[in-house]
1. Shape verdict for region 285-329, please, from the Cα gyration tensor: rounded (a/c under 1.5), prolate (a/b greater than b/c) or oblate.
2. List Cys283, Cys328 from most exposed to least, where exposure is judged by having the fewest other Cβ atoms within 10 Å.
3. Within a 10 angstrom radius of the beta carbon, how do Glu59, Glu268, Glu218 rank from fewest other beta carbons to most?
4. Rounded to the nearest Å, what's the spacing between the alpha carbon centres of region 258-330 and region 88-131? Just the number, please.
5. Using θ = phi - 60° and the Karplus relation 6.51 cos²θ - 1.76 cosθ + 1.60, list the HN-Hα couplings for region 65-72 in order, rounded to whole Hz, with x at every Gly or Pro.
Amino acid sequence: MKKHYSMVVRPWIGMIVLMTLILGMPVGQGLAQGTVMRFNPSSGSIDVGETIAVEIRIEDVSDLYGFDVQILFNPALLDVVDADSGKDGVQIQPGTFLSPDFLAQNAVDQANGIIKFAVTQTAPSQPVSGSGVLATITFRGTGVGNTAIRFDSALLSDQDGGQIAVSTENGNVTVGGDATPVPTNTPGPTETPAPTKTPGPTPVPGVILGYHTVKSGETLFCIARAYGVDPYAIARENGVLNPNLIRPGHVLKIPNVPRTLPTGPVCERQFDEGDEPKPPDACRWHHTVVRGENLYRISLRYGVNMWSIVNANSIANPNLIYVGQVLCIP
């Protein structure tokens, strides 16, 4: 009888001890917290005119291949220091956790306090697991006060375009000191270049040469060879997240960014130099949302930037779309 009693009670004693140990653990110790995106440092203090580098970190992720984030800050208290003065606009610094094979978006709206950053790997890069730095933002104090640094949206994907669940942790920066304007460099007078001979009419850099409708079997590289332009410039101009993924029927704007490519397949030209570009309809496709879809996966399917779909459909919350909703794919 005593032996039977001991055998019955012993498992319950073990369970009680185990629960006591678990409940007594500090939060985060021994219990899986899932994938987290956060700022490092999570809070900081600077004076007006000083700078602070804030990392965007990912913790405990599996098979990450691409991500898209939008971050908000108070433009009255902070601005972002440009990480690449050789490019137009203001950019942040890509991290080292992923290989930045294709930088789909890297733009800072200083006036409204918005940072948009999206990057994806391409073959032969492999998915990455673990923890590391996705990007670094260098803020400069411009006004006295405390501002949140907040994730407005954060989307992660695996190599197949499947969404990876992630939680976010916001941060904040306190700016002290005198609220005096931050001095800026005033450029001195520049020399007027000597006149040069003007060649015949050529396409103006920055303009759209024309529009090309993708046919079955075509790639960005064969299209680029047809017009003598940079394939990655075509991708950026059209919000194509993955330059290796375009779909038949996709209408591409061909920007005037000349580049000589290695020998390879050349697509058939659909317009000639001097032809007046004729813009296509605003919506290149219409997509009906089905159960289980999200905007990020839809954007990967069509090879366009997720925020282009958001703007084209006036979507207030990118994480909220409905089954049966018809989306304009720009």
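Please treat every number below as a calculation from the coordinates, not as lab data. No experiment lies behind these values; they were computed from the predicted model shown. Cβ placement follows ideal geometry from the backbone for every residue including glycine, while neighbour counts extend to all protein chains displayed.
1. Values: a/c = 1.31, a/b = 1.11, b/c = 1.18.
Because its axes are fairly even, with a/c under 1.5, region 285-329 counts as rounded.
2. Numbers: Cys283 14, Cys328 17.
Starting with the residue having the fewest Cβ neighbours, the order is Cys283, Cys328.
3. On the way: Glu59 17, Glu268 10, Glu218 20.
Result, fewest neighbours first: Glu268, Glu59, Glu218.
4. Between the Cα centres of region 258-330 and region 88-131 lies a distance of 20 Å.
5. 10, x, 8, 9, 10, 10, 10, 10
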